[in-house]
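Notes follow the structure.
Laboratory data are not the source of any read-out in this text; all were calculated from the coordinates shown. Remember, it's a predicted structure, so these values are computed and weren't measured experimentally. Every residue, glycine as well, gets a Cβ built from its backbone with ideal geometry; the counts of neighbours run over all protein chains shown.
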Amino acid sequence: MKAATILFAAMALTLSGPSFADGDGHKHGHADSAAHMNSDMMVDGEIKRINKAGKKLTIKHGPIKSMDMPGMTMVFGVDDPAMLEGLGTGDRIKFSVREAGGQMMIEQLQKQ
Ligand SMILES: [Cu+2]
C-alpha cells in the first residue's frame, strides 16, 4: 500500500454538506483482529454495488470516527477504477476515505 497517498481526512473536515448526525451512534465491537493495520483510519465495509464506469462504490460501512459518521450504506467515489479490479459484491473490505468537494472519496482499499 502506498502510504504517500494518505491525506488525513480530518484536514477536510469542513463539512458543509448535509448533516448525517441523527443520533444513532451505535458501535459494533472490534471482533475482527486487524490490529496490524493503522486501524484508526481504516473503516470496515461490505461492498453492496460496484459501478466501474461511474467510478462509484456503494459500501455498507461501519462507523467512520474521523468524520463522526455512524455506520450506514452510502456511495463513495473512486479516483481510479483500477482500484475496483478484483472486487465483488458482498466482499468485506477495509478502506479509508477523504472528503473532496463535498464528495466522499475512497483513498485506500483492502480486501479482507
Ligand atoms: Cu456514511
Query - Among Gly86, Met41, Ser96 the positive-end extreme of the charge dipole of region 40-107 (Cβ point charges) - result: Gly86
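If you wrap region 40-107's Cα atoms in a convex hull and average its projection over all directions, what's the area in nm²?
Details: hull surface 16.6 nm².
For the Cα atoms of region 40-107, the hull's average projected area reads 4.1 nm².
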Query raised in the report: So, with +1 on the Cβ of K and R and -1 on the Cβ of D and E, and no other charges, what is the size of the charge dipole of region 40-107 about its Cα centre, to the nearest 20 debye?
Result: 260 debye
Report task. State, to one decimal in nm, how far the label point of Leu87 lies from the label point of Lys48, with both points 7 Å from Cα in the Cβ direction. Result -> 1.4 nm
Report task. Quick one: which residues, 5 or more positions from Asp91 or on another chain, have an amide H under 5 Å from its amide H? H modelled 1.01 Å from N in the peptide plane, none for Pro or chain starts. Result -> Ile47
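Let me check against my output: what whole-number percent is the relative contact order of region 40-107, with C-alpha pairs under 8 Å and at least 6 apart? Working shown, then result.
Numbers: 133 pairs, mean separation 23.7, N = 68.
It rounds to 35 percent for region 40-107.
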